[in-house]
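Have a look at the structure below, then the notes.
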Amino acid sequence: MNKVTVDARGLACPLPVVNAKRAADEMKNGGVLEVLVDNEIAVQNLQKFAGQKGYAVSGEKTAEKEYRVLIQVNGGSVAVPDARKSGMVIVLSANVMGTGDETLGTSLMKAFIFAVTKQDMLPETILCYNTGAYLTCEDSDSLEDLKALEAEGVKVLTCGTCLDFYGLKEKLAVGSVTNMYEIVEIMENADSVIRP
């Protein structure tokens, strides 16, 4: 039986799941995917991932801060869905995620945008306004991830008024400029709007 081991110890969320998904996708004939992690949250995230894919999964603690997750990957060909989900819009109205510590919020937003790049279904559009405009400009920690999404056909639109307000008009580095009328129209016609 085919067995693949992924050592995800020491990796921050969402990398254990991202690496496990990549390994599972490469196991064309199925088999056992063993994922080594160092915290219970990663175990739970891997179990959720396996459940969403319909894979059998088990996890065990092997030592202090040492866990092993076994995922039974189903073989056979899997239909690859269209990369973008029509009508899915992600709204980034700030360059941080949540309220509280700004450093944590910045890290969470970077992790969120990175996680979006690893989804089977990508959004049709990403709207950036208010301080979210900083995410699409030079020196943004998320610039490469947003460029990768744009390369997959995702529309990345940033509010022109916001770029002007923050003095960023000349620093826009991905996507294009939009206006409030278009933002309202896109959100109004969206099947789902995701706001981290």
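The values are calculated or read from the model by the stated rules, or taken from the named source; none is laboratory data. The structure displayed is predicted, hence computed values, not measured ones. With ideal geometry, Cβ positions are generated from the backbone for all residues, glycine too; neighbour counts draw on all protein chains shown. Only protein heavy atoms, including side chains, enter the accessible area calculation; ligands, DNA and RNA are left aside. Shrake-Rupley method; radii C 1.70, N 1.55, O 1.52, S 1.80 Å.
Taken as a whole, the condition of being surrounded by 14 or more Cβ atoms within 10 Å (Cβ to Cβ), touching an Asp or Glu at 6+ places or on another chain (Cβ under 9 Å) and not in a loop (DSSP other than H, G, I, E, B) does not apply to Gly132.
Please find, within the range 14-38, the residue that is nearest to Leu104 (Cα to Cα) out of those that are out of contact with any strand residue (DSSP E or B) (no Cβ under 7 Å at 6 or more places or on another chain) and surrounded by 15 or more Cβ atoms within 10 Å (Cβ to Cβ). That would be Pro14. For the range 153-161, the criterion of a residue being more than 21 Å from the chain's Cα centre (by Cα), open to solvent by 20 Å² or more (accessible area, probe 1.4 Å) and in contact (Cβ under 8 Å) with a residue 12 or more places away in the chain is satisfied by at least one position. Go through the range 21-53 and give me each residue that's touching a helix residue (DSSP H, G or I) at 6+ places or on another chain (Cβ under 6 Å) and among the small types (Gly, Ala, Ser). The answer is Ala42, and nothing else. Val89 meets each of the listed conditions (1) part of a helix (DSSP H, G or I); (2) surrounded by 18 or more Cβ atoms within 10 Å (Cβ to Cβ) apart from (1).
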